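Colleague: Before I ask anything, let me first share the structure, which is written out below as structure tokens.
The values are calculated or read from the model by the stated rules, or taken from the named source; none is laboratory data. Note that the coordinates shown come from a computational prediction; the quantities given were computed from them, not determined experimentally. Counting neighbours? That spans all protein chains shown, and the Cβs are built from the backbone with ideal geometry, glycine included.
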Amino acid sequence: MAPPSSVPHAFFDNANSIPMIGLGTWGSPSGQVTQAVKDAIDIGYRHIDCAHVYENEHEVGDGIAAKIKEGVIKREDIFVTSKLWNTFHRPELVEGALRTTLKNLQLDYLDLYLIHWPVAYKEGDGLFPLGPDGKTFIFSDADYVDTWKAMEKLVDAGLVKNIGLSNFNSKQIRRVLDVARIKPATNQIENHPYLQQSKLTAFCADNNIIVTAYSPLASPARPWVKEGDVVLLEDKKLKAIAEKHGKEPAQVLIRYQIQLGHVVIPKSVTKSRIASNFDVFSFELDADDMKQLAALERNERICPEFGAYGHPHHPFENDE
């Protein structure tokens, strides 16, 4: 197992850095997240990814606080990312949303704060304000370029060290770049061999924006999975590459992202799986492995944000 000090870092355009592997917390079962965070820190993770909409930031905060109290880590040893939810895009709501996240996480600042989606939803108490059909969301006319200017003020105030985007397509990133005083550090996107988004990742690379890959295993346990859906982890070519290296398919998928230069945030609450996902620094995929994995492209998106279709800023209706 690699010690924390040997985990490679990706460097942002502002020279700050981020550990290239982190613990994802989307969809982690309530009541199990605190222990998962504690286990991850003990194993060597120094990067935790969370979000307001996951509704488990308080559990993440408890896990981090416990390890700081034990003396396992200091605050500056851990990189914490969270995300601004779609109902808080109006500039006057951004700082309040962040302060709620900081309170839940028991932190004074975030290492990275992202606009979770370019789409804005109706402001109010509900995270998913539904229209009369009970399926699609009620939208807000807030524009993410105005949200970005409010995000920049969080950096000025010392509440956030870095700011970035999530689920933005290249045209939307360009709009942000055109107004940005502080450049986006990252774009966190779904990325795995069945959805590689090569044009978007190339655009990010050209603009020195780090890609963070979520759902690197194609989220086999996603709530809306259907019987008969293709499971990436069962792919025969992937399994053959894993067998060649004496590794598990999940480890190959995580290693693939790292070798692409992407930060990667696999999710688990099982200690053995958290440890296995971290054990990806003792082997290297060769050029043929990388070529075979690249050839698995199916343009198969796991997280399409169904309820936001029709929003003028939906990133996948007007794709890269």
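Colleague: Just need a number here: residues in the range 157-181 that are touching a residue at least 40 places away in the same chain (Cβ under 8 Å) and over 19 Å from GLU317 (Cβ atoms).
Modeller: 8
Colleague: Among the β-branched types (Val, Ile, Thr), surrounded by 17 or more Cβ atoms within 10 Å (Cβ to Cβ), modelled with pLDDT of 95 or more and in contact with a helix residue (DSSP H, G or I) (Cβ under 7 Å, 6 or more places away or on another chain): does that describe VAL160?
Modeller: yes
Colleague: Any idea how many residues of the range 273-307 are farther than 17 Å from GLY24 by Cβ, under 19 Å from the mean Cα position of the chain (by Cα) and not in a loop (DSSP other than H, G, I, E, B)?
Modeller: 1
Colleague: Which numbered condition trips up GLU305, out of (1) within 18 Å of LEU195 (Cβ to Cβ); (2) in contact with a helix residue (DSSP H, G or I) (Cβ under 7 Å, 6 or more places away or on another chain)?
Modeller: Tallying (1) within 18 Å of LEU195 (Cβ to Cβ); (2) in contact with a helix residue (DSSP H, G or I) (Cβ under 7 Å, 6 or more places away or on another chain), GLU305 fails exactly one: (2).
Colleague: Out of the residues in the range 1-27 that are of a type in the set (Phe, Trp, Tyr) and part of a loop (DSSP other than H, G, I, E, B), which is surrounded by the most Cβ atoms within 10 Å (Cβ to Cβ)?
Modeller: Within the range 1-27, the match that is surrounded by the most Cβ atoms within 10 Å (Cβ to Cβ) is PHE12.
Colleague: Looking only at the range 87-124, count every residue that is over 12 Å from VAL160 (Cβ atoms), part of a helix (DSSP H, G or I) and touching a Lys or Arg at 6+ places or on another chain (Cβ under 9 Å) and tell me the total.
Modeller: Matching residues across the range 87-124 total 2.
This table checks each residue for (1) part of a helix (DSSP H, G or I); (2) among the aliphatic types (A, V, I, L, M); (3) touching a Pro at 6+ places or on another chain (Cβ under 7 Å).
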residue	(1), (2), (3)
ILE182	no, yes, no
ASN187	no, no, no
ALA202	yes, yes, no
ALA213	no, yes, no
SER219	no, no, no
LYS237	yes, no, no
GLU243	yes, no, no
